[in-house]
1. Considering only segment 55-89, how many residues are closer than 30 Å to Ala34 by Cα and without any contact (Cβ under 8 Å) to a residue 12 or more places away in the chain?
2. Consider segment 307-338. How many of its residues are surrounded by 23 or more Cβ atoms within 10 Å (Cβ to Cβ) and assigned to a helix (DSSP H, G or I)?
3. Filter segment 344-387 down to the residues that are surrounded by fewer than 20 Cβ atoms within 10 Å (Cβ to Cβ) and farther than 20 Å from Leu232 by Cβ and list them by number.
4. Within segment 147-155, identify whether any single residue is hydrophobic (A, V, I, L, M, F, W, C), surrounded by 21 or more Cβ atoms within 10 Å (Cβ to Cβ) and at pLDDT 95 or above, and answer yes or no.
5. Going by the conditions given, is Thr353 modelled with pLDDT of 95 or more, under 21 Å from the mean Cα position of the chain (by Cα) and in a strand (DSSP E or B)?
6. Mind checking which pairs have a first residue in segment 237-251 that is under 16 Å from Leu360 (Cα atoms) and assigned by TED's automatic domain parsing to the domain that holds Thr373 and a second that is β-branched (Val, Ile, Thr) and not in a strand (DSSP E or B), Cβ under 9 Å, 6 or more apart or different chains?
7. Quick check, is Ala168 out of contact with any helix residue (DSSP H, G or I) (no Cβ under 8 Å at 6 or more places or on another chain), among the hydrophobic types (A, V, I, L, M, F, W, C) and outside any helix (DSSP H, G or I)?
8. Output the number of residues of segment 388-409 satisfying the condition of being crowded, with 17+ Cβ neighbours inside 10 Å and in contact with a helix residue (DSSP H, G or I) (Cβ under 8 Å, 6 or more places away or on another chain).
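The values are calculated or read from the model by the stated rules, or taken from the named source; none is laboratory data. Owing to the predicted nature of the structure, the values given are computational and were not obtained by experimental measurement. Using ideal geometry, Cβ is built from the backbone for each residue, glycine included, and neighbour counts are taken over all protein chains shown.
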Amino acid sequence: MIDLKFLRENPDTVRASQRTRGEDPGLVDALLDADASRRAAVLAGDNARAEQKALGKKVGKASPEERPALLDGAKELAAKVKELEAEQNAAQEALERAHMALSNVVQEGAPAGGEDDFVTLETVGDLPTFDFEPKDHLTLGESLGLIDMERGAKVSGARFYFLTGYGALLQLGLLQLAAQKATANGFTMMIPPVLVRPEIMRGTGFLGQHADEVYHLEDDDLYLVGTSEVPLAGYHSGEILDLSGGPKRYAGWSSCFRREAGSYGKDTRGIIRVHQFDKVEMFVYCKPEDATAEHQRLLVWEREMLAAIDVPYRVIDVAGGDLGSSAARKFDCEAWVPTQERYRELTSTSNCTTFQARRLGVRYRDENGKPQTAATLNGTLATTRWLVALLENHQQADGTVKVPPALVPFVGREVLEPVG
């Protein structure tokens, strides 16, 4: 959630942010009204309690003749205090609802608009040219014995799959390479739980407009995570961190689960859009003033991973309407997929400023020892979808696929050959 003090002092900035997102700027005024009502209710309650305390002292000092009238007044005042406390609680609940409804303030410079209104910041690498008809990743994956969609559907339904043989080793290699790069850059590796409590899922902003993407286990009231960003954001919930030595950096290796609601008919072929995949995700806690620079570092580390698998890609500045509620700025790296003749997202890094940490109660002490809200950031280092770009860009005319040199030690082969 956003800083209420910032909202009171800069309502036009927040309204402009809402317009950049394509969201209702009226939510700003609704929150301002709820904030004013809650503060008025708190003041009324405090005044009534002070009056009640003063009357209590009078009763203690009153003569026997004065006491009955004072006790009657105290009784009426107690009823009034109880009523005002109920009003205060209602005002607090209304404030929290209005507060949770408002998305993070978009960082200055982010483009306005929706999914197609991104700005391309850089294009890296030459697009491959083939003197043969290139195969898509699924055809390659099946012929090389890497991917089994048919049995995945038999076992679990549509959008599930098996990675088999060298397909499994390719994914493990990607994730292991990502883990090595993360630890070399000061990240603490984590294997987090993939089931989280509602307050953690809500705190990260995933139970808002994208709640239909999340798997919920009703009997346990737990949620399956769509990214290890969620448990890593909750890792320090309710804590005061020591950030005097710089940011705290974690890298989570986990399976991720997404319902893909609303994607009916999209990317049904292969492993581009599936219900379960594995990922190594970077997550950072830092001081707010360090967040923008840290965001650029995350992007650099993502680009180093893409360079290691040698695929052409572009970096885009994601438009406000495609940021999600928590992010103030987001950069995606999209790799070229030859058979689709288009770029597809492989990595995403978001600066969530203080939005998630304020919801989750994550703070640090400033130079004066005063607790302040931390900032959080996240970014992808490798995920199952990378296999799509890897296979298609490194295929050869004879149906084989070259393994990028960085992955050969993990896979054990330089070339993957058709099976059977």
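1. So the answer is 6.
2. The total comes to 2.
3. Arg344, Glu345, Arg365, Asp366, Glu367, Asn368, Gly369, Lys370, Pro371, Gln372 - these are the residues of segment 344-387 that are surrounded by fewer than 20 Cβ atoms within 10 Å (Cβ to Cβ) and farther than 20 Å from Leu232 by Cβ.
4. Applying the first criterion (hydrophobic (A, V, I, L, M, F, W, C)) to segment 147-155 yields 147, 149, 153, 155.
From the residues that got through so far, the ones that are surrounded by 21 or more Cβ atoms within 10 Å (Cβ to Cβ) too are 147.
If we keep only those that are at pLDDT 95 or above as well, we get 147.
Checked segment 147-155: at least one residue is hydrophobic (A, V, I, L, M, F, W, C), surrounded by 21 or more Cβ atoms within 10 Å (Cβ to Cβ) and at pLDDT 95 or above.
5. No; evaluated as a whole, the condition is false for this residue.
6. From segment 237-251, the pairs are Ser237/Ile200; Ser237/Val362; Gly238/Val362; Glu239/Val362; Ile240/Val362; Leu241/Val362.
7. no
8. Final tally of qualifying residues: 11.
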